[in-house]
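A short worksheet on the structure shown next.
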Amino acid sequence: MVGWLKTIAGFANAFGGDFYIGVEDKTNKLIGFDRKMADNERNYFNNQVNEHLVPRPQMKLSFIRYEIKEKERFIICVQVLESVIKPVILKYKNVPSIYMRRDGFTNGATYEEIIEMSVKSKNTQYDILISDEKYDASNFTMLQKFYSEHNDGKNLPEKALQSMGFYNEEYFLANGAVLFADDYQGKKTEVQCSVFSGFNKGSERIVTINRFHGNIISVINYIMEFVTQRMNHSIIKLGDTRKNIDAYPQSAFFLLLSCT
């Protein structure tokens with residue numbers, strides 16, 4: 001098992017490549033699987049990749065069907081894409097290793113190759129990288145409701161989500177998409193909402209500090225509610241001046257929202 005994990009990591013750290021499960025290495029003899037075993041092998045493969053390769057490489061899995069003695073068999077084709085963020089690290093038995101694919105062979109990456117991979121990955125956007133979590137429509141009800149409320153009751157099609165990179169062909173979510181899940185409770189969306197005394201944030205006395213984190217939709221709703229409850233007037237910028245639009249009796253508070 002560790003052999004093909006090295007190969008996957010090597011492909012991802014190089015220029016990608018195709019990997020076949022169900023083919024004997026030395027002879028290229030087709031071993032294959034029946035339909036149920038093919039599903040089990042695919043699931044096992046995904047679990048091992050999720051457990052041992054960091055970050056998870058981008059891959060496309062497909063079944064190649066053939067017949068032998070009038071019985072259907074399947075080969076699993078794994079198309080490994082060049083990783084957007086490098087190096088992809090293999091962690092096996094708590095030992096991290098970095099591999100590179102060269103001239104049809106997988107070997108340990110050299111020091112120079114590791115440095116080059118790290119430099120090229122510096123500007124990679126975190127939110128477009130693929131996570132190890134799969135898309136489940138039932139866990140994005142808040143996103144669907146939010147979209148419908150702001151688009152005349154229309155539904156957000158799943159094809160639109162996939163086309164914008166929300167999840168890939170294997171339904172693994174992008175890191176940014178994970179932040180929209182109903183059950184997301186991580187700190188990457190944390191906001192701090194503060195109210196300062198006076199008319200600007202240079203005031204020393206802070207009246208209120210509230211922190212909140214959750215999925216992005218709940219964070220937006222929280223911010224809007226925080227502002228609505230405390231805002232006594234709105235401001236329109238007019239060139240070098242500003243115009244107050246009174247909604248309630250004016251009070252001497254300045255509202256500051258900061259995202260961490």
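Normalised size of region 15-102, defined as Cα radius of gyration per 2.2 N^0.38 Å with N residues, equals 1.22. Under a model in which nothing but the beta-carbon of Lys, Arg (+1) and Asp, Glu (-1) is charged, region 21-169 shows a dipole of about 280 debye around its Cα centre.
Max-minus-min Cα coordinates of region 145-190 on each principal axis give 32, 28, 14 Å, with the largest extent listed first. Taking a sphere under 12 Å around the Cβ of D136 and counting the other residues whose Cβ falls inside, with K and R at +1 and D and E at -1, yields a net charge of -3.
Quick check on region 36-178: take the gyration tensor over C-alpha atoms, sort the square-rooted eigenvalues as a ≥ b ≥ c, and tell me if it's rounded (a/c under 1.5), prolate or oblate.
In terms of gyration-tensor shape, oblate.
Nonpolar atom fraction for region 112-191, defined as the carbon and sulfur part of the 1.4 Å probe accessible area, stands at 50 percent.
The packing ranking of peptides 78-87, 167-176, 138-147, highest mean first, is 78-87, 167-176, 138-147, where packing means the average number of other beta carbon atoms within 10 angstrom of each residue.
Counting only other residues whose beta carbon sits under 9 Å from that of F11, what net charge do I get with K and R as +1, D and E as -1?
Result for the local shell: -1.
Straight Cα distances below 20 angstrom link K134 to the aspartates and glutamates D39, E41, E51, E158, E169, E170, D182, D183, with same-chain residues fewer than 8 positions distant left out.
The values are calculated or read from the model by the stated rules, or taken from the named source; none is laboratory data. Only a predicted model underlies this, so the values are computations on that prediction, with no experimental measurement involved. Please note: Cβ atoms are built from the backbone with ideal geometry, for glycine as well, and neighbour counts cover all protein chains shown. Just so you know, the surface numbers come from the protein's heavy atoms only, side chains and all, with ligands and any DNA or RNA stripped out. Shrake-Rupley method; radii C 1.70, N 1.55, O 1.52, S 1.80 Å.
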